[in-house]
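**Student:** I'd like to ask you about the structure that follows.
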Amino acid sequence: MTSSIATAFDLDILRSRVRDWKTEGLRTALVPTMGALHDGHLELVRRGVQIADRVVVTIFVNPKQFGANEDLDKYPQDISGDRKKLEAVGADLVYVPNNREMYPEGFSSVVSVKGPAVAGLEDKFRPQFFDGVTTVVAKLFNQAGCDYAMFGEKDFQQLAVISQMVRDLNIPTTIVPVETVREPSGLAMASRNAYLSKSELQLAPALYKQMQVAAETIRGGGPRSKAVALAAKALTKLGFKVDYVEVRNAHTLDEVQGENEQMRILAAAWLGKTRLIDNIGV
Ligand code: PAF
């Protein structure tokens, strides 16, 4: 069965739809994605349906946030499958711009955030990533002009960076964080999980388990740096190549200074050719 969900391939159609809804006094929510949708994305849409009258989902694999040796060329894509899923969860419009629409010839602007974007986590390993994300997300916010925008806590640093951008630039869109959706094994849902082999899939939930162990230790008053170092060691022993396991201030993503701060453990590690990221509250 094909999907009949309305789909805009160009900006004029997106704008006129959202304008009509606003004229009718309807509240709108935006769910920016790169497609290959899983239940984590669909949860963003479900939350959007709860808080707004109309939900727009964008699907655009943004070349600016990929490094030269990353997986841009093989990033999973399934537009027709995505449209069916979006229709089933009650999205109202899918916006699928092409590269020319987003980055026409002569495009020469970059939106660059500091603060949480230079916390020494993802930015340390993917130096181009956040400028690419903030540039495309700022464009999508301006293009759609929605009241709300939904982002998953799974990409916790990304959520912090986008929230910072919205505050700093007075963008009139309210950011709505949505909790990470996990497989029954505990593995955080992610489009890149599709790259994992059967044996890697069995091993992958250890990332979440080790973060839970570290969080438990810290909650119990154990030393923070030792707890995360032990998690990294255990993961390495299991066959992960660990980029980082860190405990940070949950708001600024700075190093933790005192005992009374709200904390978050953030981790990134490779299993074979797949890079997994995850985070949990302490
Ligand atoms: O989280 C993602 O899928 C992407 O980084 C986003 C926010 C859609 C920007 O391309």
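**Student:** Which members of region 1-35 meet the condition of being at pLDDT 95 or above and among the small types (Gly, Ala, Ser)?
**Tutor:** Ala6, Ala8, Ser16, Gly25, Ala29, Gly35
**Student:** A follow-up question, please. Between residues in region 171-182 that are in contact (Cβ under 8 Å) with a residue 12 or more places away in the chain and residues that are acidic (Asp, Glu) and surrounded by fewer than 18 Cβ atoms within 10 Å (Cβ to Cβ), which pairs lie under 9 Å by C-beta distance while being six or more apart or on different chains?
**Tutor:** Val181/Asp39
**Student:** Next question, about the same structure. Have a look at Ala188, Ala227, Ala231, Ala204 and point out the one that is over 23 Å from Pro76 (Cα atoms) and in contact (Cβ under 8 Å) with a residue 24 or more places away in the chain.
**Tutor:** Values: Ala188 fails: over 23 Å from Pro76 (Cα atoms); Ala227 fails: in contact (Cβ under 8 Å) with a residue 24 or more places away in the chain; Ala204 fails: over 23 Å from Pro76 (Cα atoms).
Answer to the selection: Ala231.
**Student:** Let me ask you something else. Taking the conditions exactly as written (β-branched (Val, Ile, Thr) and either touching a strand residue (DSSP E or B) at 6+ places or on another chain (Cβ under 7 Å) or surrounded by fewer than 17 Cβ atoms within 10 Å (Cβ to Cβ) (or both)), does Val181 satisfy them or not? Steps first, please.
**Tutor:** Values: β-branched (Val, Ile, Thr): yes; either touching a strand residue (DSSP E or B) at 6+ places or on another chain (Cβ under 7 Å) or surrounded by fewer than 17 Cβ atoms within 10 Å (Cβ to Cβ) (or both): no.
Considered against the rule, which asks whether it is β-branched (Val, Ile, Thr) and either touching a strand residue (DSSP E or B) at 6+ places or on another chain (Cβ under 7 Å) or surrounded by fewer than 17 Cβ atoms within 10 Å (Cβ to Cβ) (or both), Val181 comes out as no.
**Student:** Check Gly120 against each of (1) in contact with a helix residue (DSSP H, G or I) (Cβ under 7 Å, 6 or more places away or on another chain); (2) away from the ligand (no atom under 13 Å from the Cβ) and name the one condition it does not meet.
**Tutor:** Status for Gly120: all satisfied but (1).
**Student:** Now for a separate question. If you take the residues in region 1-51 that are closer than 18 Å to Ile162 by Cβ and in contact with a Lys or Arg (Cβ under 7 Å, 6 or more places away or on another chain), which one is farthest from the ligand (Cβ to nearest atom)? So that I can check it myself, show each step before the final result.
**Tutor:** Pass one, region 1-51, residues closer than 18 Å to Ile162 by Cβ: 28-34, 40-41, 43-45, 47-48, 51.
The next check asks that each one be in contact with a Lys or Arg (Cβ under 7 Å, 6 or more places away or on another chain); those that pass are 28, 40.
Numbers: Thr28: 17, Gly40: 10 Å.
Out of the qualifying residues, it is Thr28.
**Student:** Moving on. Which condition from (1) within 15 Å of the ligand (Cβ to nearest atom); (2) assigned to a loop (DSSP other than H, G, I, E, B) is the one that Ala149 breaks?
**Tutor:** Checking Ala149 against (1) within 15 Å of the ligand (Cβ to nearest atom); (2) assigned to a loop (DSSP other than H, G, I, E, B), the one that fails is (2).
**Student:** Further question: Of all residues in region 1-49, which are in contact (Cβ under 8 Å) with a residue 12 or more places away in the chain, part of a loop (DSSP other than H, G, I, E, B) and surrounded by fewer than 20 Cβ atoms within 10 Å (Cβ to Cβ)?
**Tutor:** Listed by number, the residues that qualify are Met1, Thr2, Ser3, Ser4, Ile5, Phe9, Asp10, Leu26, Arg27, Met34, His38.
**Student:** Only one of these is closer than 28 Å to Leu196 by Cα and free of Cβ contacts under 8 Å to residues at least 12 places away in the same chain: Lys209, Lys273, Lys237. Name it.
**Tutor:** Details: Lys209 fails: free of Cβ contacts under 8 Å to residues at least 12 places away in the same chain; Lys273 fails: free of Cβ contacts under 8 Å to residues at least 12 places away in the same chain.
Criteria check complete, one pass: Lys237.
**Student:** Now for a separate question. Do you know which residues across region 167-182 are within 13 Å of the ligand (Cβ to nearest atom) and among the aliphatic types (A, V, I, L, M)?
**Tutor:** Ile175, Val178
**Student:** Also, I was wondering about something else. Could you check region 81-113 and list, in sequence order, the residues that are of a type outside the set (D, E, K, R) and farther than 24 Å from Cys146 by Cα?
**Tutor:** Taking region 81-113 and keeping what is of a type outside the set (D, E, K, R), we get 81, 86, 88-91, 93-99, 102-104, 106-113.
Across region 81-113, the qualifying residues are Gly81, Gly106, Ser108.
**Student:** Within the set of pairs 6 or more residues apart or between chains, which connect a residue that is under 20 Å from Arg100 (Cα atoms) inside region 53-71 to a residue that is charged (D, E, K, R) with Cβ atoms less than 7 Å apart?
**Tutor:** Listed pairs, sorted by first residue: Ile59/Asp82; Gly67/Arg126.
**Student:** Checking Leu159 against (1) near the ligand (Cβ under 10 Å from one of its atoms); (2) touching a residue at least 24 places away in the same chain (Cβ under 8 Å): exactly one of these is not met. Which one?
**Tutor:** Tallying (1) near the ligand (Cβ under 10 Å from one of its atoms); (2) touching a residue at least 24 places away in the same chain (Cβ under 8 Å), Leu159 fails exactly one: (2).
**Student:** Could you grab the pairs with beta carbons closer than 6 Å, sequence gap of 6+ or different chains, first residue in region 134-156 and on the phi > 0 side of the Ramachandran plot, second one away from the ligand (no atom under 11 Å from the Cβ)?
**Tutor:** Note: pairs meeting the criteria are Gly145/Val18.
**Student:** Please verify whether region 211-218 includes one or more residues that are touching a strand residue (DSSP E or B) at 6+ places or on another chain (Cβ under 7 Å), farther than 23 Å from Val245 by Cβ and part of a helix (DSSP H, G or I). Break it down stepwise before answering.
**Tutor:** Quick first cut of region 211-218, residues touching a strand residue (DSSP E or B) at 6+ places or on another chain (Cβ under 7 Å) only: 211-212, 214-215, 218.
Restricting the remaining residues to those that are farther than 23 Å from Val245 by Cβ gives none.
No: region 211-218 contains no residue that is touching a strand residue (DSSP E or B) at 6+ places or on another chain (Cβ under 7 Å), farther than 23 Å from Val245 by Cβ and part of a helix (DSSP H, G or I).
**Student:** Working only within region 50-69, note down all residues that are in a helix (DSSP H, G or I), of a type in the set (S, T, N, Q) and within 20 Å of Phe130 (Cβ to Cβ).
**Tutor:** Step one: filter region 50-69 for residues in a helix (DSSP H, G or I), giving 50-51, 63-65.
Next cut, of a type in the set (S, T, N, Q) only: 50, 65.
Passing the criteria: only Gln65.
The values are calculated or read from the model by the stated rules, or taken from the named source; none is laboratory data. Quick caveat, the model's predicted, so the values are computed rather than measured. No Cβ is skipped: glycine too gets one built from the backbone with ideal geometry, and neighbour counts run over all protein chains shown.
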